[in-house]
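Working notes, structure below.
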Amino acid sequence: MNTQSTAILVKVSVSSLIFLSLGLPSGTLVGIPVKHIAYLICVVSLFVHWRKGAKINSVYILLLVASFLFIIFFILVATLRAKTPFAYAFQEGMNFGTTLSISLFILMANSCKAIKDEEIVLSAFYAIFFFSLWKFLAVFLITTGITSVNDVISFFSHYTGYMPLTLDMPGEYKRLTFMLQDFASAFFLFLVPTYPRLFSKAPLFIRIIFMFTGLIAVVSGYSRYTFIILAAFWSFAFLFKFSFKQRLLACSIVAVIIASSFPWLIEAYEFRFTSHLAVGSDKVRYEQTSALLNHWENLPILGGGFGYYAKDYVRLAYLYEVQWVSFLTKFGLIGISFLAILVLLLFYKILSGKKTIDHYAMAFALLSYLLSGFTNPLLLTSPSAILYVLPVILSSIFRKELVESHANSSDCLHIRK
């Protein structure tokens with residue numbers, strides 16, 4: 001097997017890993033761990049490609065080694081504290097490792113030119129398009145009364161091992177939330193109309209369908225945070241990227257939507273932002289923050305390790321809505337400093353070199369995702385790994401376009417002379 005063959009294998013395995021991570025709600029399908037299989041193939045293909053002479057950025061290799069040393073250390077810390085069962089501390093450590101390694105595998109494959117920036121973006125787009133299609137189907141079946149929300153939840157639980165969140169919505173609609181994929185849908189609802197050249201290889205009808213199904217995915221997710229972020233994304237596009245005709249079209253579409261559903265929008269806003277349910281949900285976050293900070297004060301330097309928790313304030317499997325605060329409690333000042341370095345490296349990759357306003361938009365996209373860790377436990381999963389990488393990859397594309405634009409301008413000036 002030569003270098004060209006291994007490069008193709010790396011491209012296919014990385015694309016498959018992106019698609020399965022974003023396109024499915026979990027790593028399994030009808031009991032088959034499809035994402036885990038793709039992950040193993042990706043590891044093997046990258047290693048073989050490297051052994052064949054591919055040049056992988058050494059910084060990514062060092063970060064991968066440092067990440068697994070971090071994981072081993074804080075699993076040991078948890079074991080010595082003896083407050084958390086080892087099995088869970090190990091599981092959470094592996095979740096952490098999976099997230100970081102998938103991000104680094106994508107960047108490694110990109111650094112050795114096995115997969116291009118544009119191919120990574122398209123793989124993620126087709127994955128989220130696939131997600132929006134099957135979620136739209138689920139919402140349609142529930143809304144039309146063909147099946148019940150309990151049957152849909154049972155289906156996902158049985159065949160994918162994932163239970164979506166559900167809740168009654170105004171107008172007798174049902175909330176159906178897949179948190180990470182819903183956030184990714186909001187991101188691509190911004191990218192597709194704002195940067196159409198990035199998706200020129202995707203058929204126009206697919207992009208048009210996604211703008212509808214993706215919006216349904218976000219609305220049915222019924223997340224306050226996602227609504228706010230999508231509004232911020234679209235405001236940026238309206239103010240800085242759209243032409244006059246596009247602004248008129250956008251205003252017309254918004255006017256039609258508001259006119260046709262104004263009463264529901266008012267009711268939905270009140271229910272989601274000012275109701276007793278919303279206030280109670282926020283109260284839990286405040287209580288979690290206070291409890292976790294109290295525990296952190298007892299172990300400020302090293303924390304309690306993976307799985308460490310504040311008794312009586314755990315929602316599910318030692319997870320907290322205020323995930324960043326839980327990281328501080330688990331890893332202390334030393335561990336949270338390591339995470340801060342990783343975050344700063346991401347922002348450095350986005351903002352280093354020549355910049356346009358698009359680079360600041362990508363920095364905002366990354367920041368908005370990181371801040372979601374104060375509202376929901378979204379930061380340690382395979383889909384989140386891709387959401388960390390996408391702003392970096394998109395910034396690389398914008399930087400290349402900027403260089404090409406300057407080169408073309410120089411050529412034109414040279415010809416004129």
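Residue 100 satisfies every condition listed in (1) closer than 30 Å to residue 332 by Cα; (2) of a type in the set (A, V, I, L, M, F, W, C); (3) modelled with pLDDT under 90 except (3). Among residues of region 182-203 that are among the hydroxyl-bearing types (Ser, Thr, Tyr), those with a beta-carbon under 9 Å from a residue that is outside any helix (DSSP H, G or I) and surrounded by fewer than 19 Cβ atoms within 10 Å (Cβ to Cβ) at least six positions away or on a different chain give the pairs 194/242. Of the candidates 347, 306, 327, 331, the single residue that is under 23 Å from the mean Cα position of the chain (by Cα), closer than 25 Å to residue 101 by Cβ, of a type in the set (Phe, Trp, Tyr) and in a loop (DSSP other than H, G, I, E, B) is 306.
Can you spot a residue in region 361-376 that is surrounded by fewer than 20 Cβ atoms within 10 Å (Cβ to Cβ), farther than 22 Å from residue 237 by Cβ and in contact with a Phe, Trp or Tyr (Cβ under 9 Å, 6 or more places away or on another chain)? Checking region 361-376: at least one residue is surrounded by fewer than 20 Cβ atoms within 10 Å (Cβ to Cβ), farther than 22 Å from residue 237 by Cβ and in contact with a Phe, Trp or Tyr (Cβ under 9 Å, 6 or more places away or on another chain). Take the conditions on the phi < 0 side of the Ramachandran plot, surrounded by 14 or more Cβ atoms within 10 Å (Cβ to Cβ), part of a helix (DSSP H, G or I) and of a type in the set (Val, Ile, Thr) and apply them to residue 65. Does it pass? No.
I'd like the residue in region 81-102 that is among the small types (Gly, Ala, Ser) and over 25 Å from residue 370 (Cβ atoms) and, out of all such residues, is nearest to the chain's Cα centre (by Cα). Among those that are among the small types (Gly, Ala, Ser) and over 25 Å from residue 370 (Cβ atoms), it is 87. Condition first: in a loop (DSSP other than H, G, I, E, B) and either charged (D, E, K, R) or surrounded by fewer than 20 Cβ atoms within 10 Å (Cβ to Cβ) (or both). Can you find one or more residues in region 113-129 that meet it? Within region 113-129, one or more residues are in a loop (DSSP other than H, G, I, E, B) and either charged (D, E, K, R) or surrounded by fewer than 20 Cβ atoms within 10 Å (Cβ to Cβ) (or both). Note on region 120-162: among residues that are of a type in the set (Gly, Ala, Ser) and out of contact with any Gly (no Cβ under 9 Å at 6 or more places or on another chain), the one that is nearest to residue 382 (Cα to Cα) is 124.
Scanning region 22-32 for residues being more than 20 Å from residue 125 (Cβ to Cβ), surrounded by 15 or more Cβ atoms within 10 Å (Cβ to Cβ) and not small (Gly, Ala, Ser) gives a total of 2.
The values are calculated or read from the model by the stated rules, or taken from the named source; none is laboratory data. As the structure is a prediction and not an experimental result, all values here were calculated from the model. Cβ atoms come from the backbone with ideal geometry, glycine included; neighbour counts cover every protein chain shown.
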